[in-house]
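A short worksheet on the structure shown next.
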Amino acid sequence: MDITRQQRAARQLHDKLDQARRLMDEGEPTLADLAANVGLSASHLQRRFAERFGLSPAEYLSQRKLGTLKDALRDGSDVSAALYDAGYGSPSRVYEGGAAKLGMTPARYRAGGAGEQIRWSIADTALGQALVATTERGICMIELGEDAAALERKLHAEFPKAQIERVDAGRDEFLAPRLRAVADALAGRRAQVPVDLIGTAFQKKVWDALMKIPHGQTRSYAQIAEAIGHPRATRAVANACANNHVAIVVPCHRVVRGDGSLGGYRWGLPMKQRVLERERAA
C-alpha cells in the first residue's frame, strides 16, 4: 500500500472512530450496533477506539453519563432527576455501573462530600511539605506548599462537609503505606499510588491522558486535546490541568505550551521546572 493509500485508510478509520464517538454522545448503542453503523467489526472497533481515545466504547459511555450526572448535581438538580436525565434507568444503575468511578455517591458529591471519611497528614518530601489525603479508595489530594494551615484550608474547601481526620501517619496502618508511596513518587522514584480522582468526565479523560505521558517526556496542551478526541479543547485541557489536586502523581507538570515554554502550573513554575529537569536527568 503506497503512502497516499495508507493516509486515506488512516483518515477513513479516524472518521469512523469520530462517528462512533458522536453516536455515543447522542445515545447508548451496543457495541454491535455501533460497529454496524460505522462499518467495522466489533473487535476492531473496540481495539482502535481504545487506542485513540484511551477508553473502550463502554468506558466512554460510562464516563459521559457520569460527567452529565456530576454536572447536574453540582448545578443543584434533584438527585433522582439528575440520575434519570444522565441516562441511568434506575437509581441503582449508577452504583452498578461503578460508584467508585464517581468517587462518592451522587448525594454526597452534591453535598460537598458529606458522609465521606477522609484521612490526611502532612509530610516532608523531596519537594517540600505535602498534604496527602485519602479516601478508602485511594489518594484524593496531594497539595504542595510551605504553609501547613493553608494546605489544610484547601482540603476543607475541596470537601467542605466530609468527615476529615488528621492522623499521625506513622501510627495509621491505612494511611502510612500510602504516604510512603506518595513520598517515593515525589522523590522521583517509581511507586504505585492508588488514586481516587474526583472530577468531570472531561477532566478524568485529561488526567488519564496525563498519566500515560512517559517519564521524562512532555506533551503540549494541544497534543493532549488531540489525544482525548477534542482537538479544539486546548483551553479546557489547560483548565483540567489547573484543577488537578493530585500533584506529581497526576503529572500535569508534563504538559507545556506548543512552543515548549512551561505555561502555567498550580504549584508554581519554579516547581514545574525543577520536577521536569529531575525527570529528564533520570
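The values are calculated or read from the model by the stated rules, or taken from the named source; none is laboratory data. What you are looking at is a predicted structure, and each value in this text was computed from that prediction instead of being measured. Cβ sites come from the backbone with ideal geometry, for glycine too, and all protein chains shown count toward neighbours. We work out accessible area using only protein heavy atoms, side chains counted, and drop any ligands, DNA or RNA first. Shrake-Rupley method; radii C 1.70, N 1.55, O 1.52, S 1.80 Å.
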**Report entry** Condition met for residue 21 (in a helix (DSSP H, G or I), in contact with a Leu (Cβ under 6 Å, 6 or more places away or on another chain), of a type outside the set (A, V, I, L, M, F, W, C) and in contact (Cβ under 8 Å) with a residue 40 or more places away in the chain)
**Finding:** no
Query - Residue count for segment 114-172, restricted to those that are among the aliphatic types (A, V, I, L, M) and open to solvent by 70 Å² or more (accessible area, probe 1.4 Å) - result: 1
**Report entry** Matching residues, segment 220-246, being in a loop (DSSP other than H, G, I, E, B) and either open to solvent by less than 30 Å² (accessible area, probe 1.4 Å) or within 25 Å of residue 196 (Cβ to Cβ) (or both)
**Finding:** 228, 229, 230, 233, 243, 244, 245
Query raised in the report: Does residue 133 meet the test of being out of contact with any Leu (no Cβ under 6 Å at 6 or more places or on another chain) and on the phi < 0 side of the Ramachandran plot?
Result: no
Query raised in the report: If you go through segment 41-75, how many residues are under 22 Å from residue 227 (Cβ atoms) and at pLDDT 80 or above?
Result: 8
Query raised in the report: Which one is modelled with the lowest pLDDT, of the residues in segment 123-144 that are out of contact with any Lys or Arg (no Cβ under 8 Å at 6 or more places or on another chain), within 15 Å of residue 184 (Cα to Cα) and not charged (D, E, K, R)?
Result: 123
Query raised in the report: Residue check, residue 191 against (1) assigned to a loop (DSSP other than H, G, I, E, B); (2) at pLDDT 90 or above, all met but one. Which one?
Result: (2)
Report task. Check segment 173-187 and report whether any residue there is within 18 Å of the chain's Cα centre (by Cα), closer than 29 Å to residue 280 by Cβ and either at pLDDT below 90 or part of a strand (DSSP E or B) (or both). Result -> no
Query raised in the report: Is there a residue being in contact (Cβ under 8 Å) with a residue 60 or more places away in the chain and open to solvent by 20 Å² or more (accessible area, probe 1.4 Å) anywhere in segment 252-260?
Result: no
Report summary line: Pairing a residue in segment 269-280 that is more than 14 Å from residue 217 (Cβ to Cβ) and of a type outside the set (S, T, N, Q) with any residue that is assigned to a helix (DSSP H, G or I) and open to solvent by less than 100 Å² (accessible area, probe 1.4 Å), where Cβ atoms lie under 7 Å and the two sit 6 or more apart in sequence or on different chains, gives 272/253
Query raised in the report: Can you name the condition, by its number, that residue 213 falls short on among (1) at pLDDT 90 or above; (2) assigned to a loop (DSSP other than H, G, I, E, B); (3) buried (at least 20 other Cβ atoms within 10 Å of the Cβ)?
Result: (3)
